[in-house]
Amino acid sequence: MGLVEIFALARVPSILLLGAVYGAYVLTGGVVFWKLEGNLGREDISAILARKQQVLKTYQCLNSDGMDAVIAVLQDASKAGLSIKGNQTSDGFWKFTSSAVFAATVVTTIGYGNISPKTTVGQIFCVFFALFGIPLNIVVLNRVGKYMLTIERNICDFLQGKTTHPRCSRFLVHLVSYLCGVVLFFVVPMVVFKGHEGWSYSQAIYYCFITLSTIGFGDYVADSNPEQAYPEWYSFIMASWIFFGLAWLALVINHTIDILERLHGFLNGWWRRRSGVEETDPPDNENPDTQVEQEEAEPVKMQKLDD
């Protein structure tokens, strides 16, 4: 008896198989990151400790307690967005432009972590601001995404009426729209960030995806270097890029989800045909997958009856 037949006889729901694939994917990613970054992290720690000992040897008037005090000052300055190199100072993170960008990162759930409210009133306000701002942001992004999708579909319908190959024209429109989105929200920002932030191309493209996917690690944050003089338009352009980039990437992710759902349905059907589950399935009211589908379909049926 093969593995397929064993799972078929055990009536393992597809959600468990999907969960197993998800868990294996996450664990595989953890192993890869562990192997790629683990040794480098240990080397960085050793290098930092060696540099600390070298500084103590060079500046003998600075003991270990003095070094800790200097480190504490540097950490506080970094959290406040200040530059204390030489006699240079800056206004810190909480300028109007930086505060507006911070508000945008709150409602978009990016949350870099490099800046956060410290006062009790500010923290409480942040909670209520996010409570109402996140749903509002989702609604607005969905509406903007629908407009983008409508424009794309209108172009597809127009070209389909002008050509004898409708499928090819629809594929080309989708391909061109994806390429335009990649250029507009990844390639152009990558060049801009390289010029104004001093990042490499790989760091800039990494920051673009981490931001627009709302992962927001905070290891790279644009418009936050206190030693860098940014133009007045920089914060506005960055906020606009985040907003429209989120809407575009959400469409791409939704298309990817649709592809994965179809692939899951195909594999699930193949699994059932291979194991002969159709002949031995429980009734519809006892099948968990069927129950979910019925529950999702019931509101639609009720709406039709009401109409």
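The values are calculated or read from the model by the stated rules, or taken from the named source; none is laboratory data. This structure is a prediction, so every number in the text was calculated from the model and none was measured. Quick reminder, even Gly has a Cβ in these numbers, built from the backbone with ideal geometry, and neighbours come from all protein chains shown. Note: accessible area is taken over every heavy atom of the protein model, side chains too, but ligands, DNA and RNA are not part of it. Shrake-Rupley method; radii C 1.70, N 1.55, O 1.52, S 1.80 Å.
Remarks
- Every pair of residues 6+ apart whose Cβ atoms lie under 6 Å, when the first sits in region 177-205 and is acidic (Asp, Glu) while the second is at pLDDT 95 or above: none
- The residues of region 191-210 that are surrounded by 13 or more Cβ atoms within 10 Å (Cβ to Cβ) and not charged (D, E, K, R), listed by number, are VAL192, PHE193, HIS196, TRP199, GLN203, ALA204, ILE205, TYR206, TYR207, CYS208, PHE209, ILE210.
- Flag if PHE125 is surrounded by 13 or more Cβ atoms within 10 Å (Cβ to Cβ) and either within 23 Å of GLY111 (Cα to Cα) or not hydroxyl-bearing (Ser, Thr, Tyr) (or both): no
- Leading residue by the ranking (modelled with the lowest pLDDT) among those in region 189-238 that are of a type in the set (Phe, Trp, Tyr) and not in a helix (DSSP H, G or I): TYR230
So that you can scan it fast, the table gives a plain yes or no per residue for (1) at pLDDT 70 or above; (2) closer than 21 Å to PRO117 by Cβ; (3) part of a helix (DSSP H, G or I); (4) open to solvent by less than 100 Å² (accessible area, probe 1.4 Å):
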position	(1), (2), (3), (4)
LEU62	yes, no, no, yes
MET67	yes, no, yes, yes
GLN75	no, yes, yes, no
THR89	no, no, no, no
PHE93	no, yes, no, yes
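- Selection over region 2-59 of residues that are at negative phi, assigned to a loop (DSSP other than H, G, I, E, B) and at pLDDT below 75 gives a count of 3.
- Here is the figure for region 156-171: residues that are of a type outside the set (Lys, Arg) and surrounded by 15 or more Cβ atoms within 10 Å (Cβ to Cβ) total 4.
- Out of LEU159, LEU149, sole residue that is over 16 Å from GLY111 (Cβ atoms), touching a residue at least 24 places away in the same chain (Cβ under 8 Å) and in a helix (DSSP H, G or I): LEU149
- Residue-level check: of (1) modelled with pLDDT under 75; (2) under 18 Å from THR211 (Cα atoms), SER83 misses just (2).
- Leading residue by the ranking (most open to solvent (accessible area, probe 1.4 Å)) among those in region 216-225 that are closer than 25 Å to ASN137 by Cα and without any contact (Cβ under 8 Å) to a residue 60 or more places away in the chain: ASP219
- Within region 138-149, at least one residue is under 20 Å from the mean Cα position of the chain (by Cα), open to solvent by 60 Å² or more (accessible area, probe 1.4 Å) and hydrophobic (A, V, I, L, M, F, W, C).
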